[in-house]
Amino acid sequence: TVLKGYQGIYQMEDGESRLTELDDLPCNCNVCSSVCIDDLKAMTRKEQALLLAKHNTLLLAKEVKKVRECIRAGNLREYVEMKVRASTFLTAVLRILDMQEEQYFETRTPIARNHVMNANTMQSLKRIEVKRFANRVLERYEPPARPILLILPCSARKPYSKSNSHTKFIDAIAEYRGHIHEIVLTSPLGIVPRELELSYPAAFYDIPVTGYWDAEEREWVSSCLRAYLNKNQKNYEVVVAHLDGAYKEICASVAADLGIELVFTCKPNETPTEALNLLKVRIAGLCPDRKPLYGFERKASIVKAMADFQFGIGAGSELIAKEEGENLKIRGQFPFYTLSTNNEVLARIVPQYGLLTITMKGASRISNLMHTYNVEIGDFVPKGSVLAPGVVNADPQIRVNDEVVFCGKNAFGVGRAKMSGSEMRESRRGVAVQVREVKEI
C-alpha cells in the first residue's frame, strides 16, 4: 500500500486508480476529508506520495478489520465472492483455488453454522458446503423402503415443511405418505431428501430467485439428480414429479438419460390448485391402500437420516434400535425432536445449527462415532472445554462443529469440535472441544 502511494496510485475498496485520473476523492478517511482533489494534485510528488500512502494504509487497516469480522461471523466466503467480482484477476484466482485446493478448504470449513448461507453467484456452486452436502447424500444417506419416489420443487422458506407450498403438498398426499419417499430438487444443493431438510446447509441457504436457471446451474442440479437416481432407482416402483418450468425440464432430461418413465402431475397453464388435485388423484391411483406416515415412524426417519449423515451409514440404525425392555420415544414438535429411552436422553435435533447432538448414552450406542469422531485427551478431567494442548490425538475427519467423543485415562465425554482434527493435533492454544457432558473414570 505504501509503494502504491509512492507510485501515485489511489486505492479504493473495489479497485485502484491513478491520482491523475480522478475527479474526486471517493473516501471519507482522515486524509481524504482534509484535502480536496485539486489541492492534492497541486502538491509536490513527495507530498502526494506521503498522503496517498497514508490513505492506502488506512484503507488496508479497514479491510483487515472487515475480514476479521467476516471470519468471526462465518461469512468470509460470501464477502470474498462479492469482492472478486470487481476484478477479473481475483475472480480467476478464486476459480483456480476452488478447483485445485478443494481438500485444503474442506478440512477448514465447518460442518455447520448458525447463519444463512447466501448462494448469490455461480461460483457458489463450488462451495465446500454445497459439494459436501451432495456427496453425503450419496455416501451417507439410505432412502426409506417406499415404492413411490415423489420429486418436489424447493421453497423460499426453510425448512421446506414449514412453507406454504410444501404444507399443501403434504396435505395432498397425507393419506398415502407411508408409501411415498419425498426429495426436493433445488439449486445449489441439487437434491434434498425430506429427512435431511433440517440439516445444514439444507435449512440455511438462500438464493436469488429469478425463474431463470443458468446452464451451469442446470448441469450441476442435473448431475446430482442423475447420481441419486442411478444409485437408488431400483428402490422405487414409480417416480412421480410434481414439477413445472425449469424443474420439469431438468427432471425429464435426467429421466430420459436413465430410461426412467416419469409420472408428471403439473400440466401447462393449470392453476396450483388444479395441480394439487391432480397430484392427489395420481398418488391415490398408484397406492394399493391408504397408509399415513405416523408420528414415531416419521420422526425416527429424520433422526436416523441425520445420524447417518453426520456419522456415517449405520449410525442412525444403531441410535434408534430398540433393545429389549427399552421404551424408546421421540418427543417434541417439529423440528425440536428429542430421542430418549426410559426417560434418558440419547440425542436432540438442534435446528439453530442443523445438527443432531448426542449425549454420552447416545454416543455409546454408535460404534462409528466411538471410533472415528474421537478425540484422545491427556490425563485430566475437562471442565467446560478441552484446550488444544490437552489433545493427544484426534481423528483427521473431524471438522469444526462436528459432534465428537473425547476420552482419556481419567475422563470420557461428548461435545462439539471447535477445531478440525488436524488443528487439534497441531495447535498449542485455543479451545479444541466445547464439552457438553463428561464423566470421570
- [ ] May I ask you to list the residues in region 3-35 that are part of a loop (DSSP other than H, G, I, E, B), aliphatic (A, V, I, L, M) and farther than 18 Å from K62 by Cα?
- [x] L22, V35
- [ ] Scan region 394-420 for residues that are buried (at least 18 other Cβ atoms within 10 Å of the Cβ), touching a helix residue (DSSP H, G or I) at 6+ places or on another chain (Cβ under 8 Å) and either of a type in the set (F, W, Y) or not in a strand (DSSP E or B) (or both) and jot them down.
- [x] D395, I398, R399, D402, F412, M419, S420
TODO: Sort through S223, S199 and tell me the only one that's surrounded by fewer than 18 Cβ atoms within 10 Å (Cβ to Cβ), hydroxyl-bearing (S, T, Y) and outside the structural domain of T357 (by TED's automatic domain parsing).
DONE: S223
Task: Enumerated helices (runs of 4 or more DSSP H) restricted to region 65-124, each holding at least 2 residues that are closer than 25 Å to T357 by Cβ and modelled with pLDDT of 90 or more - done: 102-107
TODO: Can you tell me which residue among E440, E423 is surrounded by 16 or more Cβ atoms within 10 Å (Cβ to Cβ), at negative phi and of a type in the set (D, E, K, R)?
DONE: E423
- [ ] Read through the list (1) touching a residue at least 24 places away in the same chain (Cβ under 8 Å); (2) touching a helix residue (DSSP H, G or I) at 6+ places or on another chain (Cβ under 6 Å), then give the number of the only condition that A246 fails.
- [x] (2)
TODO: Within region 127-158, count every residue that is touching a Gly at 6+ places or on another chain (Cβ under 9 Å) and farther than 30 Å from R95 by Cβ.
DONE: 2
- [ ] Considering only region 355-395, state which residues are touching a residue at least 60 places away in the same chain (Cβ under 8 Å) and closer than 19 Å to S427 by Cα.
- [x] Y373
Open item on the list: Which of the numbered conditions does A300 fail, given that it passes all the others? Conditions: (1) of a type outside the set (S, T, Y); (2) closer than 17 Å to L150 by Cβ; (3) touching a strand residue (DSSP E or B) at 6+ places or on another chain (Cβ under 7 Å).
Closed with: (2)
- [ ] Would you please name the residue that is surrounded by the most Cβ atoms within 10 Å (Cβ to Cβ), looking only at residues in region 246-271 that are in a helix (DSSP H, G or I) and in contact with a Cys (Cβ under 9 Å, 6 or more places away or on another chain)?
- [x] Y247
Task: Any hit, region 274-297, residues being closer than 30 Å to M117 by Cα and either without any contact (Cβ under 8 Å) to a residue 24 or more places away in the chain or part of a helix (DSSP H, G or I) (or both) - done: no
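Rundown of residues vs (1) over 14 Å from Q310 (Cβ atoms); (2) in the same structural domain as E197 (by TED's automatic domain parsing); (3) modelled with pLDDT under 95, yes/no style:
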position: R348; (1), (2), (3): no, no, no
position: F380; (1), (2), (3): yes, no, yes
position: K383; (1), (2), (3): yes, no, yes
position: L387; (1), (2), (3): yes, no, no
position: V392; (1), (2), (3): yes, no, no
position: V404; (1), (2), (3): no, no, no
position: A417; (1), (2), (3): no, no, no
position: Q434; (1), (2), (3): yes, no, no
Task: Flag if F334 is surrounded by 12 or more Cβ atoms within 10 Å (Cβ to Cβ), at pLDDT below 95 and under 22 Å from P201 (Cα atoms) - done: yes
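The values are calculated or read from the model by the stated rules, or taken from the named source; none is laboratory data. No experiment lies behind these values; they were computed from the predicted model shown. Positions of Cβ are generated from backbone atoms using ideal geometry, with glycine treated the same way; all protein chains shown enter the neighbour counts.
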